[in-house]
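Here's the structure, in structure tokens; my notes come after.
The values are calculated or read from the model by the stated rules, or taken from the named source; none is laboratory data. Not measured: the values here are computed from a predicted model. Cβ placement follows ideal geometry from the backbone for every residue including glycine, while neighbour counts extend to all protein chains displayed.
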Amino acid sequence: MRKLFDQYRLCLQLKCACGVFYLGYYAVVTTNCQIDDYIPASVIFTILIAIGRLTKLGMKISIITVVYNAEAFLKDCIESIIAQTYSNIEYIVVDGGSKDDTISIIKQYSGFITHFISEKDEGLYDAINKGIKLATGDVIGILNSDDVLADQNIIQQVVRTFEQNKNTDGVYGDLNYIHPTKMRVVRGWKSKQANFNDIEEGWMPAHPTLYLKKMLFEKYGNYALDMGTASDYDLILRFFHKYKITATYLSLLMVNMRTGGVSNKSIKSLLLGLANDYKALKRNKIPNAIIVLFKKKFAKLSQFKR
């Protein structure tokens, strides 16, 4: 199991060492003795080492998982984050008031969760916005409770990509849709390096693979709550097309996403999803919205495995 929160262990170590230092310093001041009579050199060394390591942790990545009655696959999701080799991760879990065993599962992993709240919300994207408000990281990513990071080096690769592309605002990659229980690949979403013009051709990055700098949310806003299942598409259109952010494609399978999402459950929900997508395109003033919508849907045909 990876050291998910090394920084907290180091902070605790630093606090303990500083406590010993303070007591020793107090003794020196009150007795006029030499400092090394009361403060061992090892304590001073520990303080210096801990400070040094804390300053070399690298950028903080905030990962938000929204849950509601998610007992079936939540453990897989959490454990895929715990397994990451990159340590400077802030993990935020937002629960919508689950009635099943979701809360008890979350409590089992409380040592790896930085922030946890459980309260009623206005839906998935309201809960994500709550997570964004709590986030203190440089970069924010979303991992749904049914989904898993594809391997233990994903976040390390994301950080490396940001570090190698100093001016990039976001990083995204590839995604597999998998059967909920059999874990076989149903669809494969292979992305590409794109720009805002590709939005007008129906392109979008796979949202579960998208990691964005926090300052983008502060400048351009969070997820809209009146867009239904297209709230993520609306945000992508706003960031990528309206504000023309720069994003770097990471040619890597980043997420395994279980099929059966909110927008894919019935004919009615599919039609509602189309309507919401069209609404998002119109709101963000994408030219030829109806054509873009059909291009977006048609592009999915190439994702199905033969």
- Subset of region 201-224, residues more than 18 Å from Leu134 (Cα to Cα), touching an Asp or Glu at 6+ places or on another chain (Cβ under 8 Å) and outside any helix (DSSP H, G or I), comes to Ala206
- Message: Can you find, within region 188-216, the residue that is farthest from the chain's Cα centre (by Cα) among those that are farther than 20 Å from Lys285 by Cα and of a type in the set (A, V, I, L, M, F, W, C)?
- Response: Trp189
- Go through (1) surrounded by 16 or more Cβ atoms within 10 Å (Cβ to Cβ); (2) more than 15 Å from Asn144 (Cβ to Cβ) and name the single condition Ile117 misses. (1)
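Asp126 - would you say it is surrounded by fewer than 19 Cβ atoms within 10 Å (Cβ to Cβ), closer than 19 Å to Leu235 by Cβ and not aliphatic (A, V, I, L, M)?
Working: surrounded by fewer than 19 Cβ atoms within 10 Å (Cβ to Cβ): yes; closer than 19 Å to Leu235 by Cβ: yes; not aliphatic (A, V, I, L, M): yes.
The answer is yes for Asp126.
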- All-but-one check, His241 against (1) under 26 Å from Val158 (Cβ atoms); (2) at pLDDT below 95, failing number (2)
- Restricting the first residue to region 133-154 and requiring it to be over 23 Å from Asn69 (Cα atoms) and modelled with pLDDT of 95 or more, which pairs with a second residue that is of a type in the set (Val, Ile, Thr) and not in a strand (DSSP E or B) meet a Cβ separation below 6 Å and a spacing of at least six or different chains? Gln152/Thr85; Asn153/Thr85
- Task: Sort out which residues of region 219-232 are within 18 Å of the chain's Cα centre (by Cα) and buried (at least 21 other Cβ atoms within 10 Å of the Cβ), and write them in order of number.
- Result: Ser231, Asp232
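Please indicate, with yes or no, whether at least one residue in region 244-257 is modelled with pLDDT of 95 or more and part of a helix (DSSP H, G or I).
Within region 244-257 (the criterion being modelled with pLDDT of 95 or more and part of a helix (DSSP H, G or I)), the answer is no, since none of the residues qualifies.
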- Message: Take the residues in region 270-289 that are closer than 11 Å to Glu201 by Cα and not polar (S, T, N, Q); name whichever of them is surrounded by the fewest Cβ atoms within 10 Å (Cβ to Cβ).
- Response: Pro287
- Look at Lys279 and say whether it is part of a helix (DSSP H, G or I), basic (Lys, Arg), assigned by TED's automatic domain parsing to the domain that holds Leu134 and at pLDDT below 95. no
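Can you tell me which residue among Leu250, Leu216, Leu210, Leu235 is under 16 Å from Asp169 (Cβ atoms), touching a helix residue (DSSP H, G or I) at 6+ places or on another chain (Cβ under 9 Å), crowded, with 18+ Cβ neighbours inside 10 Å and free of Cβ contacts under 8 Å to residues at least 40 places away in the same chain?
One residue alone meets the criteria, Leu235.
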- Selection count where residues are farther than 20 Å from Ile128 by Cβ and outside any loop (DSSP other than H, G, I, E, B), scope region 78-104: 3
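Matching residues to (1) surrounded by 16 or more Cβ atoms within 10 Å (Cβ to Cβ); (2) more than 17 Å from Tyr211 (Cα to Cα); (3) modelled with pLDDT of 50 or more:
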{"position": "Tyr26", "(1), (2), (3)": "no, yes, yes"}
{"position": "Asp37", "(1), (2), (3)": "no, yes, yes"}
{"position": "Met59", "(1), (2), (3)": "no, no, yes"}
{"position": "Ile63", "(1), (2), (3)": "yes, no, yes"}
{"position": "Val66", "(1), (2), (3)": "yes, no, yes"}
{"position": "Leu74", "(1), (2), (3)": "yes, yes, yes"}
{"position": "Ile82", "(1), (2), (3)": "yes, yes, yes"}
{"position": "Gly96", "(1), (2), (3)": "yes, yes, yes"}
{"position": "Lys99", "(1), (2), (3)": "no, yes, yes"}
- Take region 124-138 and flag every residue that is part of a helix (DSSP H, G or I) and of a type in the set (A, V, I, L, M, F, W, C). Leu124, Ala127, Ile128, Ile132, Leu134
- From the list Gly97, Gly123, pick out the single residue that is farther than 22 Å from Leu149 by Cα, free of Cβ contacts under 8 Å to residues at least 40 places away in the same chain and assigned by TED's automatic domain parsing to the domain that holds Asn222. Gly97
- Item | Residue satisfying all of: in region 57-67; touching a residue at least 60 places away in the same chain (Cβ under 8 Å) and not in a strand (DSSP E or B); nearest to Leu124 (Cα to Cα) among these | Lys60
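Residues in region 135-144: is at least one closer than 20 Å to Ser98 by Cα and not β-branched (Val, Ile, Thr)?
yes
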